[in-house]
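Note sheet for the following structure.
Read-outs throughout are calculated quantities, based only on the coordinates presented, and are distinct from any laboratory measurement. All of these numbers come straight from a predicted model, not from anything done at the bench. Glycine gets a Cβ as well: all are built from the backbone with ideal geometry, and neighbour counts include every protein chain shown.
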Amino acid sequence: MSIKKILIANRGEIACRIIQTCRQLGITTVAVYSQADRYARHVAFADEAYYIGPSAPDQSYLNIEQLIAIAKESKVDAVHPGYGFLSERSAFAEAVAEAGLVFIGAPISALQLMGSKSAAKQSMEAAGVPCVPGYHGDNQDAEFLAEQATAIGFPVLIKAVAGGGGKGMKIVSNDSEFIDALNSAKREAIKAFGDDAVILEKYIEHPRHIEVQVFADTQGNVVHLFERDCSTQRRYQKIIEEAPASYLTDDTRVELLNTAVDATKAIDYVGAGTIEFILDEEDNFYFMEMNTRLQVEHRVTEMITRTDLVEWQIRVAEGQPLPKNQMSIQAHGHAIEVRIYAEDPDNKFLPATGVIQALQFTEAENIMIDSAVQQSDEVSIHYDPMIAKIVVWERDRKRCIRKLKEALNASYLFGLKTNMAFLSSIVSTDAFQSNAIYTNSLDKGDLDVEVPLEAAVAAIYVDSLYQQAPADSLWQQGDQWRLNALDRSVTVAFEYQGEQHQQTVVKVGDEYRINGTHYYRIHPKDNCHLFHKQAHVIHKGKRFELLLPDVESQSAAGANSNQLNAPMPGRIIDVKVKIGDAVNVGDSLLVMEAMKMELNLKAEKDTVVKLVEVCADQQVVADQLLVEFEES
């Protein structure tokens, strides 16, 4: 059959990505949108768009009945689920098939099998694919699971059976922590996937995350498109992916790729899939799971193999054979992708919300930007905080890292916190450049990603302000910056990584004297992007994010130091304390859900609880008072 019209049952960046390929193939696209996405980029990009429901995912993008109704109304031939949401739900694929439409994804049998981590492990073990030792059975009794964890040996990893993206996943160091971690994993899993079943695995201390892109057609052909390294993660979620994994030996790579193809054949798979492995320090690899969909990081594979995997998906769904056989798929150069998240790396990667006031992503040869956000868009609490991807290609990994740093340092986004400066810092570390990063390196604090604040930043900043800022700009207001004539001293106050700084600068010719001691010369490649109270400064290849302090909010924060306020909008899951409780630094006070993740809010000092202003299942807004403490 020939597919002429496709409904995209997704939103954001992946919806735009699918539309891009459909346009090249002359295929008409139909988008869906929630209340929060009424003016989203993917809506305008598609040929047609239909309202799907309220902002909450379970009332919109997870509403199978409504999606099928729109598919019928718009008279599409096929449905593409993208990734996330319903992409791996067998019930959705069944509903699409019952409606007489083509599901551009895995077969229902594979979705059912691989949708359960326990069943997937059992099927792989039967096929001779090595798996991490653990418990993959159906018994979900808490005491039984605690016994299994003890038998496996701590540390153990709790993983949601229907999970992905780090949700419903907890590392447990000892038996005393197990029940609390199990309950938290189950709560996350039921919210994210509608299924709270878990499995247990032995936790590998220094793991690498390696995955193989596989593809199969209805004629029985199965190929791999090489591997990706996804070891740079935070909170079990990938933030940097690259292809190929340059540290693998030839023998390990061949064995890994062949195992992935054998695993794909063993389950009679069709379409795009990813076999994920964990690699230990002795280069032994173990099956983790199979993602029966397109991956976020598919772009790095496309870059090194010069393919369009969305086009492959459509062709296979039409019943056509794979466009290439294994011998004709070659790897060229190196590609790296970074995920831009709306989050605060200086505050435990807490998701950020707000309106995008200004943004710029680098456009250049062999640099690809996948994004669905634009100026004036609001990043809400309802969906995943990933807002863009920057993907670069070069002849080798060293050149690729250099190009990526340049792309990051020339990009900016104002209006809410992002991880762009953090990503720039990671790729600058010796550990990243020497392939010495493990999946737990960031969470354990093993990487030195702190960017030292150089006094030169203030000099660059003042110079940029003097040259770029209009006379009526906020930056020129004397009560904040006290910008005097540059032949005299200039005092610059700013916030950097949550701390307040003040530096005095004197300009002498083309140089600046900082705090009366050091001279710095402005470098031609130094760059400064300014917007309202926020600035990104690049100096000697290092990226800094500076914020002009708000005097009123700073004083308010000081006055309210005996209060715990909601860091962002969300829902209270559990209240751990009551009035009169004595708490110590690090004690859990509340568990809050926001942007599909659980946040454990902890005490930051030894104190006594005076008031508890919220209860479980209560919705809260940003900065709402949650707990008040006795005066120190």
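So here's what we get for this one:
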read-out: Quarter of the Cα convex hull surface for region 1-109, i.e. its orientation-mean projected area (nm²); value: 6.1
read-out: Under 5 Å, built H, 5+ apart or other chain: amide partners of I52; value: Y33, S34
read-out: Amide hydrogen neighbours beyond the local backbone of R235, cut-off 5 Å, H modeled; value: D443
read-out: Cβ-based exposure ranking for S588, S176, S90, in which fewest neighbours within 10 Å come first; value: S176, S588, S90
read-out: Sequence of F414, F215 once ranked by neighbouring C-beta atoms within 10 Å, starting from the fewest; value: F414, F215
read-out: Per-q log10 I(q)/I(0), region 133-202, q = 0.23 Å⁻¹ (Debye; single scatterer per alpha-carbon; no solvent); value: -0.91
read-out: Table column - 3J(HN,Hα) (Hz), region 131-145, Karplus curve with 6.51, -1.76, 1.60, x for Gly and Pro; value: 10, 5, x, x, 10, 10, x, 9, 5, 10, 4, 4, 5, 5, 5
read-out: Principal axis box of region 112-237, alpha-carbon based, largest edge first, Å; value: 50, 29, 29
read-out: Column: log10 I(q)/I(0), Debye, Cα scatterers of region 92-163, q = 0.14, 0.15 Å⁻¹; value: -0.58, -0.64
read-out: Sparse-neighbour loop sites [GluC sites (Glu not before Pro); region 360-429; at most 13 other C-beta within 10 Å; DSSP]; value: E363, E365
read-out: 5 angstrom amide H check on G271, placed H, neighbours 5+ away; value: A216, D217
read-out: Fewest-first ranking of T301, T29, using other Cβ atoms within 10 Å as the exposure measure; value: T29, T301
read-out: Per principal axis, descending, Cα span of region 47-157 in whole Å; value: 55, 33, 21
read-out: Cα-based Kirkwood hydrodynamic radius, region 314-438, one decimal, Å; value: 16.5
